[in-house]
Structure formats: structure tokens, C-alpha cells
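Presented below is the structure to which this report refers.
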Amino acid sequence: MSNIVDPLVGQIAARIRTERERRRWTLAQLANASGVSQAMISRIERAESSPTAVVLGKLSAAFRLSVASLLALAEGAQEDTEGGQGVRRPADTPEWRDPATGYRRRQITGPHFPAEIAEIRLPAGARVPYPAAAFAFVRQVVWVLDGRLTFHDGDTVHELTAGDSLELGEPAERVFANTTDTECRYAVVLTRVITP
């Protein structure tokens, strides 16, 4: 997917740079904390490369933010006096697309809501791994809405179908996989247990 097509690429670039600079980290320090190369971080910050879901997972873990928080901040969620109450139309909530897998993510809740809820569409055959560090500071539930999700929770594999939900426990390396030939749609609901 071309960077020009995805309007969030520039916003994600600015947010990652802002989060790095807020911590007074060099590119080398962020690379060390995240396991993402300095060259890749530099390309992302210059909006020359759209990060994949895997890279966003590593960067968000280094910042001690959820992927949902990082994307919501990148989308420039509006601070308002009413705390985000009211109707949110799909057209008002940008959808981020992973250039590597086609995974699509749309933030459902606003920045003032006490839980983060995102809707994910995982294409047939897609596989998205996240490091354990991405789950070290949140409580999370995965709820399958349509299709089938093969969820790797460390060494345990769960086959989830529409209506199934899974509350995640202690941090572990995790993989969201769609081993079918149709899209899987699921929701991720999380709350923060540690403030960065």
C-alpha cells in the first residue's frame, strides 16, 4: 500500500517522533528499547515508510502504550469539553491498514473513555505477532464478531469462532492468525493497569 494513499502515515510518523522526543530518547535508544532498527524508525518518522502492525506493536510496547493508544493519538483524537460523548460515525473514525498483511483497525472509543475498544478486520491468511512487552501494562479481552481466529497465547493455541471471547492473562508473546479463506472481524477491549 502506498504511503500517499494512507492519510494516517504522516500522523503516525509525527506521533512516534513526539513520543520518542517526549522521553528524550535518541533513535538508538528507541531502537534498543523496541527491537526495531534505527533505519526503520527513521524512515517511519520521516513518513517514508508505513509501519506494519508488528512494528507498531514493538514501538508501542517500548513507549508503554497500547497500539490502540498510539493510533488514537496519531489520529489526532479531538479533545473536547464534553469528554467525547455522543455518536461516532464510521466516517469520523479513520481506519488504519497494515501495509504488510492488510489487517485493518478502527478505534471505536474516544480518548476520554476509560476502556479502549477497537474493531479489527484480519484478512484470510494473515498472521500478526506481538511481543509480550505489548501486553505488560494492560488487561485485554479479544471478542470474535465474525469468522474464525486462531489465537496463540504463548504456547497455548485457542481456536475462536463468532461469539467467543478470551480474557488475556499474564503477558506472553501472542499471535493473531486467520487460517481460513474468509475475513475475521474481532474486537479488542483493553484497560490500562499501569500508567507510563
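Some notes on this structure:
So that you can scan it fast, the table gives a plain yes or no per residue for (1) modelled with pLDDT of 95 or more; (2) of a type outside the set (Phe, Trp, Tyr); (3) on the phi > 0 side of the Ramachandran plot:
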residue: Asp98; (1), (2), (3): no, yes, no
residue: Tyr103; (1), (2), (3): no, no, no
residue: Arg106; (1), (2), (3): no, yes, no
residue: Gln140; (1), (2), (3): no, yes, no
residue: Leu145; (1), (2), (3): yes, yes, no
residue: Asp153; (1), (2), (3): yes, yes, no
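- Verdict on Ala126 being closer than 23 Å to Ser49 by Cα, surrounded by 14 or more Cβ atoms within 10 Å (Cβ to Cβ), hydrophobic (A, V, I, L, M, F, W, C) and at pLDDT below 90: no
- Val157 free of Cβ contacts under 8 Å to residues at least 12 places away in the same chain and surrounded by fewer than 18 Cβ atoms within 10 Å (Cβ to Cβ): yes
- Those residues of the stretch 145-160 which are outside any loop (DSSP other than H, G, I, E, B), in contact with a Lys or Arg (Cβ under 8 Å, 6 or more places away or on another chain) and not charged (D, E, K, R), in sequence order: Leu145, Phe151, His152, Leu160
- Of all residues making up the stretch 161-178, the number that are part of a strand (DSSP E or B), open to solvent by 50 Å² or more (accessible area, probe 1.4 Å) and charged (D, E, K, R): 1
- Single condition Arg46 does not satisfy, out of (1) open to solvent by 70 Å² or more (accessible area, probe 1.4 Å); (2) closer than 26 Å to Thr191 by Cα; (3) at pLDDT 85 or above: (2)
The values are calculated or read from the model by the stated rules, or taken from the named source; none is laboratory data. Predicted, not measured: the structure shown is a model, and the values here were computed from it. When we count neighbours, we look across all protein chains shown, and the Cβ atoms used for this are built from the backbone with ideal geometry, even at glycine. Surface areas here come from the heavy atoms of the whole protein model, side chains and all, with no ligands, DNA or RNA. Shrake-Rupley method; radii C 1.70, N 1.55, O 1.52, S 1.80 Å.
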